[in-house]
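Asker: Dropping the structure in here first, questions after.
The values are calculated or read from the model by the stated rules, or taken from the named source; none is laboratory data. As the structure is a computational prediction, the values presented were derived from the model and not from experiment. For neighbour counting, all protein chains shown are included, and Cβ atoms are generated from backbone atoms with ideal geometry for every residue, glycine included. Just the protein is used for accessible areas: all its heavy atoms, side chains included, with ligands, DNA and RNA removed. Shrake-Rupley method; radii C 1.70, N 1.55, O 1.52, S 1.80 Å.
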Amino acid sequence: MSGSEAPNHTADLVIVANRLPVDRVVNPDGSIEWRRSPGGLVTALEPVMRANDGAWIGWPGGTDEDLEPFVEDGLSLVPVHLTEAEVEEFYEGFSNATLWPLYHDVVAKPEFHREWFDAYVTVNRRFAERTADVAAENAMVWVHDYQLQLVPAMLRELRPDLRIGFFLHIPFPPAELFQQLPWRRQLLEGLLGADVVGFQRPGAAQNFVRLVRQRVGHKTHRDMVYLPDGRTVQAGSFPISIDVKGLEELAHSEPVQQRAKEIREQLGNPKRVLLGVDRLDYTKGIRARLRAFGELLEEGELDVEDAVFVQVATPSRERVEQYRVLRDDIDRLVGRINGDLGRIGRPAISYLHTSYPREEMAALYRAADIMVVTPLRDGMNLVAKEYVACRYDGEGALVLSEFAGAADELRQAFLVNPYDINGMKASILEAINADPKSLNKRMKAMRKTINEHDVSDWASSFLDVLSETKPMHRKQLRPARRT
Ligand code: GDG
C-alpha cells in the first residue's frame, strides 16, 4: 500500500500502537475475517474513537500481505506492513530482546545489535509516516508503548500541527540501567517529540525526567521538560486500569458461575485453589512462585489433598530464544514438583500452557481462593485488578508483588518481595489462614479503589491532559457519547 492510498488527513484522534486491535482469522473456506482482540485498551478507546472519527494504526500481525486501510465494526483501521526480517529485527529483536529486558530491571540479559536498532528506526519511521497521512489538521495522536518510542519526534517533524501523546505500558528503568543502551539519546529524543509522556508510576516519570536532564541536557522542573525552542514536554503517571464493570458483569453471569463450580469439582474440590495467570514471560516470576508453593508442600505446611496451584501460562513470543528456554525451564520445574509431591489424581500444580476465552478467565478468577501475582517487575499487571473485579462477593485473597505497578493502588493485598522465597511462602500461608472477615475487609478496600478508577477514567485523564497542552489549538476532542 502506498501512503497516498491511506485515508488522507481525516482523523481527529489517532491511536498508534504496535498491533491493530483485531486478529486476522482465516475461515475453513479460505475467507478472511477480523476478530476484535480482547483487551482493555480498545474497550477504553472505542467510545472516544467513534465520537472523533478516530483511526487506529498498527501491525495486523503476519508478513504476507500489505493490506489497505479498512473499517471493521465502525472502527477505521490502518495496517502497517512488516517484512519477515523486520519482525525478527524490530519486533522480536530490538523490542523484545533489547528493550523489554532492559526496561524490566535487566532480569534477563538485553542483547544489543546495531542492525536491530536500524530496523527499529525504519519501522518507527513507517508508523510515523502512516500517522502523518491519516491525522487531520491539529488532530490528537496517542502513541503507545516501547516498540514506538521514536515515533513522537519523527511525527512532529512531519506534522508540527499535531498534539502528540505517548504512553509507556511497561516500566521505565532507572538511569543506571537505561545508560547501558547504546541508543539512549536517540530514544530520549524520540520521546521528547511528544507533548505528554505518560508512565504507569510516578517513579518512572521521575526516571525519565532525570535522564533527559543528564543525558540530553534540557532544563527540567518537576515533571516538566523545557526545550530550547520554547516547547515543553510534560511527563506524568497515568496508572492503567481495566473495564471493571464489564468484567464484573461477566463474572456474575450464570455460565461463568457454573463453570467456576465445575472447575473446582474437576480439581477434586480442594480446600484451597491458588491461581497464577501470566503470559509465559521471565518478568512474571513464575518460577520462584511455583518453587515457593512446592516448598510449602515439601515441608508439610500444605498438602496436595487440600491445596492445588493452577498456573495458566499463556504462550508468548515463542520465537525469542529466552522465551523458549523459559518454557523448558518451567516445564521441568512443574514436572519435578508434580513428580515428587503429587499423588494419583492429585497433581500439586495444574499447569496450562494455553490461552483461554475471557469467560474461562473470569471463571478461573471466581474459582480461586488465592490469586498469586508475583512479577519480578511489571508496569502495572492487569491480572491483579481483574481478579479483584471478579470478587464481587468480597471473598478471595490477593498475593501481590511490590514490584508490580498495581501494588501502588492495591495496598490491601498481601504484598511480597518476589525475590524472597521464604517471604512469599509466609505470605501465601498468611493468606490461606487469614480469617474471612479480614480478607473481606481487604477485598472491599481494593474493590473500592478499582471502582474509582477504571480504564475509561485512565484514557480520559490522559487525553484531558493532552488536550490542555496547547490552548492555541482550535480543535478539542468531542467527549464520548455515553451508551
Ligand atoms: C503489559 C505490561 C501492563 C492472559 N492470558 C489470557 C488472557 N490474558 C490477559 C489478562 C490480562 C492481559 O492478558 C495481561 O496483562 P498484564 O497487565 O497482566 O501483562 P502484560 O501482557 O505484560 O501487559 C503490564 C499492561 O501492558 C497494560 O498496560 O499492565 O505491566 O507488561 O488482561 O487477562 N486473556 C485471555 N486469555 C488468556 O489465556 N482472554
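Asker: Exactly one of (1) under 30 Å from Ala362 (Cβ atoms); (2) surrounded by fewer than 17 Cβ atoms within 10 Å (Cβ to Cβ) is unmet by Ala260. Its number?
Answerer: Here Ala260 clears every test but (2).
Asker: Do the conditions hold for Ala431, that is, is it within 16 Å of the ligand (Cβ to nearest atom) and small (Gly, Ala, Ser)?
Answerer: Values: within 16 Å of the ligand (Cβ to nearest atom): no; small (Gly, Ala, Ser): yes.
No, not satisfied.
Asker: Yes or no: Ile242 modelled with pLDDT under 95, open to solvent by less than 30 Å² (accessible area, probe 1.4 Å) and touching a Leu at 6+ places or on another chain (Cβ under 7 Å)?
Answerer: Yes, satisfied.
Asker: For the structure I just gave you, tell me whether Ser31 is among the hydroxyl-bearing types (Ser, Thr, Tyr) and under 18 Å from Gln147 (Cβ atoms).
Answerer: Numbers: among the hydroxyl-bearing types (Ser, Thr, Tyr): yes; under 18 Å from Gln147 (Cβ atoms): no.
So Ser31 fails the test.
Asker: Which ones in the range 221-237 are buried (at least 21 other Cβ atoms within 10 Å of the Cβ) and not small (Gly, Ala, Ser)?
Answerer: The answer is Val225, Val233.
Asker: Applying the selection to the range 324-365, what residues are among the polar types (S, T, N, Q) and either near the ligand (Cβ under 9 Å from one of its atoms) or not in a strand (DSSP E or B) (or both)?
Answerer: Passing the criteria: Asn338, Thr354, Ser355.
Asker: Further, regarding this structure: Within the range 366-404, which residues are within 13 Å of the ligand (Cβ to nearest atom), open to solvent by 10 Å² or more (accessible area, probe 1.4 Å) and charged (D, E, K, R)?
Answerer: Of everything in the range 366-404, those that are within 13 Å of the ligand (Cβ to nearest atom), open to solvent by 10 Å² or more (accessible area, probe 1.4 Å) and charged (D, E, K, R) turn out to be Arg377, Asp378, Glu386.
One line per residue, one yes/no per condition, for (1) at pLDDT below 95; (2) surrounded by 13 or more Cβ atoms within 10 Å (Cβ to Cβ); (3) over 23 Å from Thr10 (Cα atoms):
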| position | (1), (2), (3) |
| --- | --- |
| Met443 | no, yes, yes |
| Arg447 | no, yes, yes |
| Glu452 | no, no, yes |
| Ser456 | yes, yes, yes |
| Ser460 | yes, yes, no |
| Lys470 | yes, yes, no |
| His473 | yes, yes, no |
| Leu477 | yes, yes, no |
| Arg482 | yes, no, yes |
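Asker: Quick one: count up the residues across the range 154-183 that are more than 23 Å from the chain's Cα centre (by Cα), closer than 24 Å to Thr232 by Cβ and either open to solvent by less than 10 Å² (accessible area, probe 1.4 Å) or not aliphatic (A, V, I, L, M) (or both). Reasoning before the result, please.
Answerer: First pass over the range 154-183, keeping only residues more than 23 Å from the chain's Cα centre (by Cα): 154-163, 176, 179-180, 182-183.
Next cut, closer than 24 Å to Thr232 by Cβ only: 154-163.
Applying the additional criterion that residues be either open to solvent by less than 10 Å² (accessible area, probe 1.4 Å) or not aliphatic (A, V, I, L, M) (or both) yields 155-157, 159-163.
Number satisfying all stated conditions: 8.
Asker: Of Gln180, Gln149, Gln186, which residue is closer than 20 Å to Val121 by Cβ and within 16 Å of the ligand (Cβ to nearest atom)?
Answerer: That would be Gln149, the only listed residue that is closer than 20 Å to Val121 by Cβ and within 16 Å of the ligand (Cβ to nearest atom).
Asker: Give the residues of the range 289-319 that are open to solvent by 10 Å² or more (accessible area, probe 1.4 Å) and over 20 Å from Arg264 (Cβ atoms), sorted by residue number.
Answerer: Result: Arg291, Glu295, Glu298, Glu299, Gly300, Glu301, Thr314, Pro315, Ser316, Arg317, Glu318, Arg319.
Asker: Going through the range 120-132 one residue at a time, which ones are more than 30 Å from Pro375 (Cα to Cα), crowded, with 22+ Cβ neighbours inside 10 Å and not β-branched (Val, Ile, Thr)?
Answerer: Those that are more than 30 Å from Pro375 (Cα to Cα), crowded, with 22+ Cβ neighbours inside 10 Å and not β-branched (Val, Ile, Thr): Phe127, Ala128, Arg130.
Asker: Just the residues that are out of contact with any Ser or Thr (no Cβ under 6 Å at 6 or more places or on another chain), open to solvent by less than 10 Å² (accessible area, probe 1.4 Å) and more than 9 Å from the ligand (Cβ to nearest atom), please, taken from the range 267-288.
Answerer: The answer is Pro270, Val273, Leu274, Leu275, Gly276, Ile286.
Asker: Follow-up question, since we're still on this one. For the range 1-111, please list each of the strands (runs of 3 or more DSSP E) lying entirely inside it that holds at least 1 residues being open to solvent by 50 Å² or more (accessible area, probe 1.4 Å).
Answerer: Values: elements: 11-19, 22-26, 32-36, 55-59, 70-72, 75-79.
So the answer is 11-19, 22-26, 32-36, 70-72.
Asker: Let me ask something else. Out of all the residues in the range 306-316, is one or more hydroxyl-bearing (Ser, Thr, Tyr), modelled with pLDDT of 95 or more and either in contact with an Asp or Glu (Cβ under 9 Å, 6 or more places away or on another chain) or outside any helix (DSSP H, G or I) (or both)?
Answerer: No, there is no match, as no residue in the range 306-316 is hydroxyl-bearing (Ser, Thr, Tyr), modelled with pLDDT of 95 or more and either in contact with an Asp or Glu (Cβ under 9 Å, 6 or more places away or on another chain) or outside any helix (DSSP H, G or I) (or both).
Asker: Hey, another quick one. How many of the residues making up the range 329-349 are charged (D, E, K, R), open to solvent by less than 80 Å² (accessible area, probe 1.4 Å) and at pLDDT below 95?
Answerer: Qualifying residue count, the range 329-349: 1.
Asker: Kindly provide the set of residues from the range 164-177 that are more than 30 Å from Ala136 (Cα to Cα) and within 14 Å of the ligand (Cβ to nearest atom), ordered by number. Write out each step before concluding.
Answerer: Kept after step one, since they are more than 30 Å from Ala136 (Cα to Cα), are these residues of the range 164-177: 171-177.
Pro171, Phe172, Pro173, listed by residue number.
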